[in-house]
Amino acid sequence: MPLIKVLPVDLRNKIAAGEVVERPASVVKELIENSIDAKSTDIRVEVLSAGKRMIKVSDNGAGMEKEDALMCFERHATSKIDNENDLFNIRTMGFRGEALPSIASVSKVKLITGLKGSDSGVSMELTGGEKKEVKDSSFSGTSIEIKDLFFNTPARKKFLKTNSTELYHIIDIVTKESLSHYEIGFTLITENQETMLLPKASGFRERIMQIYGDEFLAGLIKVTAEYGGMKINAFVSSAENFRNSRTYQFIFINRRPVKDPSVSHAVYNAYEGILPKDKHPVFFLFLDIDPKKADFNVHPTKREVRFEDKEGIHRFVNVSIRDVVKEERTEYTKSFTETPDISCREHIRPVSSRDKSAYYDSPVSRLNSNISENLELIYKPSLPFIYLGDTFIAVSGKGGLTIIDHHAAHERILYEKFLKKINLDSHQLLFPQQVKLSHKEYRVILENKTLLYEFGIEADDFGHDTLIIHSLPDALDSADLRGILSDVASAISEGTHPDKSLKEALAARIACHASVRGKEILNREEFSRLIADLEKTEHPDQCPHGRPTRLFFTLDDLKKMFKRK
Ligand code: ADP
Ligand code: MG
């Protein structure tokens, strides 16, 4: 029995209209979502020239009978809603009956479809929305091939970006759709090569791992909660795993990828007090709410949602994440208080239980072995300085008090070294290191290999979204390589800031990682070197992110502060 009907006019008028086909990635999104609605368990996306020449999406879903196949390219023809009630209770990805006609009107389409399990089917060709050929054929599921997108709208074609950029958008779409539909297997084939292969997974965790690798997943904590008909499944940054960009932030409402500033705010707010300025948490949020309480009929490409109870959702997301983050933090402080009694403890940063081994291996043992001489040096009157916490160093001299942010200062020094390529001292790794990235990061890094090489990082292709790192600048020794590479990849894909060149942006990101390694207490010699190196930089007063590296209080300032003046 045919399922597709053209929506009545009054219902059509209630639907948010607008252009759904902006670029090849929008076609990929609409076709994947149709395959998801058809209950497919395997979806295969093939593209040539980043989708500009060809996009083909094939599935093993319900398929269409001939009558439906003939109808599906009509405007407002859908099998997914019938009446106004349905519009406010959407349980499918599509509902407007607009995608196929919009796509068909600006391309050449070949559709082959047949009801699942039957051996009959139909094949159909259209050019610019006009049916050219309809033939009987045999097929189970659906395959739609789109060629020459925008062939008849040169103005829109002109707006397409380079193949790499358009392909990044496609990879983003496949990534998002596959994240929220872990039970479906996805394959992306670009230029006849299998580039993303995601077999069906057992849950969100496994899907995240398939895309980003174990190491990435290890930095995330799981959040699950249910309240008042709302359900959250999330993977979010643990207390020490913050990023320099918003690249890894995903919100899915009823499995639909959306942008929602209020939900994002709820997550940021859950990290209040522990999220450093300019840092961002990673989050994968899968929220399920009653479809009657969420309106997706807001934006033509459905990337926005309107909630009946916006505050309730904000609170639910915020509290669920805050609780788990807080629990993790208790562990974090516990491991600190349980550390063996050693002097100079105030110099030691608290370390989460996870990186305890690293903690015992490096800073503490280093400190222990150096302790007596360091103490002596630290308090040597010629250059008196004291640590305030693990970041600030107070020094008296030149008629006042200077407080230095050790890490900001270190970052400034390294940033200029990276930028000017002075004393980078790159070295070959004895054991080249493999780093698994997401498919997009992997492509971005390989395409910008020479740029990385300029910074002393030699990376090569190792296949399967993995790179092999042969050499590194000394400053990055033992730094988190995956973190650096994914940060560099996101800096490149974000493009440049108007006031910063790409090289400056990269140098700042890399310096930031290198200076994290510098989380150790300096002895007098190291401290003097830091001060001297900082003095030699072009902007000794500011870190690359614009934060101060040092503050100076003259005696007069102090007198004023103490109301003696
Ligand atoms: P919508 O998804 O909003 O209903 P579309 O224009 O995307 O509108 O698709 C029109 C109709 O074509 C769908 O309602 C569905 O019945 C049918 N259809 C599209 N793609 C597929 C597919 N891959 N498998 C089965 N049916 C499909
Ligand atoms: Mg659709």
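Brief remarks on what is shown
- 387, 271 arranged by Cβ crowding within 10 Å, fewest neighbours leading: 387, 271
- Gyration tensor verdict on region 85-204 (Cα atoms; rounded if a/c is under 1.5, prolate if a/b is larger than b/c, oblate otherwise): rounded
- Each of 461, 172 has some number of other Cβ atoms within 10 Å of its Cβ, and from fewest to most they run 461, 172.
- Tensor-based shape of region 1-128 (alpha-carbon gyration tensor, a/c under 1.5 rounded, otherwise prolate or oblate): oblate
- Between residue 5 and 78, 79, the built amide H atoms are under 5 Å apart, and every one of these is 5 or more places off in sequence or on another chain.
- Of the peptides 128-138, 41-51, the order by per-residue mean of other Cβ atoms within 10 Å, starting with the highest, comes out as 41-51, 128-138.
- Proximal charge balance of residue 75 [Cβ under 9 Å; K/R count +1, D/E count -1]: -1
- Highest-first packing order for the peptide set 19-31, 217-229 is 19-31, 217-229, based on the mean count of other beta carbon atoms within 10 Å.
- Ranked by the mean number of other Cβ atoms within 10 Å of their residues, highest first, the peptides 140-150, 552-562 come out as 140-150, 552-562.
- Average Cα contact separation per residue, the chain, under 8 Å, 6 or more apart, as relative contact order %: 10 percent
- For region 550-557, the Karplus equation 6.51 cos²θ - 1.76 cosθ + 1.60, evaluated at θ = phi - 60°, returns couplings of 7, 10, 10, 10, 6, 4, 4, 4 Hz by residue, with Gly and Pro reported as x.
- Scanning residues 5 or more positions from residue 237 or on other chains, those with amide H under 5 Å from its amide H are 221, 282, with H placed 1.01 Å from N in the peptide plane.
Quick note: the coordinates plus some simple rules give every number you see, no bench work behind them. What you see is a predicted model, and the numbers here were worked out from it, not measured in a lab. All Cβ positions, even for glycine, are placed from backbone atoms using ideal geometry, and neighbour counts span all protein chains on display.
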